1. Give the number of residues within region 113-132 that are free of Cβ contacts under 8 Å to residues at least 24 places away in the same chain and not in a loop (DSSP other than H, G, I, E, B).
2. Among the residues of region 83-110, count how many are in a loop (DSSP other than H, G, I, E, B), open to solvent by less than 30 Å² (accessible area, probe 1.4 Å) and not small (Gly, Ala, Ser).
3. Of everything in region 59-75 that's free of Cβ contacts under 8 Å to residues at least 12 places away in the same chain and not in a loop (DSSP other than H, G, I, E, B), which residue is most open to solvent (accessible area, probe 1.4 Å)?
4. If a residue has to be part of a helix (DSSP H, G or I) and surrounded by fewer than 20 Cβ atoms within 10 Å (Cβ to Cβ) to count, how many in region 166-187 make the cut?
5. Please specify each residue of region 146-165 satisfying the condition of being in a helix (DSSP H, G or I) and more than 17 Å from residue 14 (Cα to Cα).
6. Tell me, please, whether a residue that is open to solvent by less than 40 Å² (accessible area, probe 1.4 Å), of a type in the set (Val, Ile, Thr), assigned to a helix (DSSP H, G or I) and modelled with pLDDT of 95 or more can be found in region 26-36.
7. Spot the failing condition for residue 114; the list is (1) crowded, with 21+ Cβ neighbours inside 10 Å; (2) closer than 20 Å to residue 19 by Cβ, and only one is missed.
8. Using beta carbons and a limit of 7 Å, which pairs, at least six apart or on different chains, have the first residue in region 81-108 and polar (S, T, N, Q) and the second one exposed (fewer than 14 other Cβ atoms within 10 Å of the Cβ)?
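The values are calculated or read from the model by the stated rules, or taken from the named source; none is laboratory data. Quantities reported herein were computed from a predicted structural model and do not represent experimental measurements. Cβ: placed from backbone, ideal geometry, glycine included. Neighbour counts: every protein chain shown. Surface areas here come from the heavy atoms of the whole protein model, side chains and all, with no ligands, DNA or RNA. Shrake-Rupley method; radii C 1.70, N 1.55, O 1.52, S 1.80 Å.
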Amino acid sequence: MKLYEMAIAPNPRRVRMFLAEKGLLDQVERVQIDLQKGENLTPEFRSKNPMTKVPVLETDDGTCIAETMAICRYVECSHPETVALLGETPKEVALIEQWLRWIDFYLFMPTGMAFQHGSGYFKDRMKCFPEWGADCKEKVEKFFDFLNEQLRDRDYLCCSKFTCADINAYTSVQFAKVVGVRVDAEKHPHLQAWHERIDSRDSAKV
């Protein structure tokens, strides 16, 4: 398999952590795509993902799978012998899915919008609205408060164990640094403890 990625981007990092936790990362060839240079806009890459985004997983039979969670679900289903990160029972599957949606809608997406509309990085390729970026940054800060409260009496986000929800939340919290939002140990002690817990895992180093 091949993983087309940009190593510093948050979504490819989600996939790398997922693969690492399942002990499969060394079985995947990683191909770097430089988004700033527009390597994702070439006809060759468009043939793999017409949405021109990373990551993309190319399977051994040449099938190309785009979108982070689609890739993770493919890996989970095709390697049932490895640790289950998307749930083992109907309740676990549902709770993890709930958290994945919350993280995407209320943390990752507003972080991305704050970056796109407030950093100036995309000003040459899209119309930016700085006020919208500032509003999204406030939403990220509020979600940090929510996470801190949710982690008050638990080690992981759900199911009493490490799951894909923790991977997606951790990489999103890390991503929030690009818009100046960081975990405040005094304000968010429970979030800080969780962050340190995930940060100590080997998969967080890949």
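1. 6
2. Result for region 83-110: 2.
3. 70
4. Adding up the residues that qualify gives 3.
5. Scanning region 146-165 gives 146, 147, 148, 149, 150.
6. no
7. Going through the list (1) crowded, with 21+ Cβ neighbours inside 10 Å; (2) closer than 20 Å to residue 19 by Cβ, residue 114 breaks only (2).
8. Partner pairs satisfying both residue conditions: 82/23.
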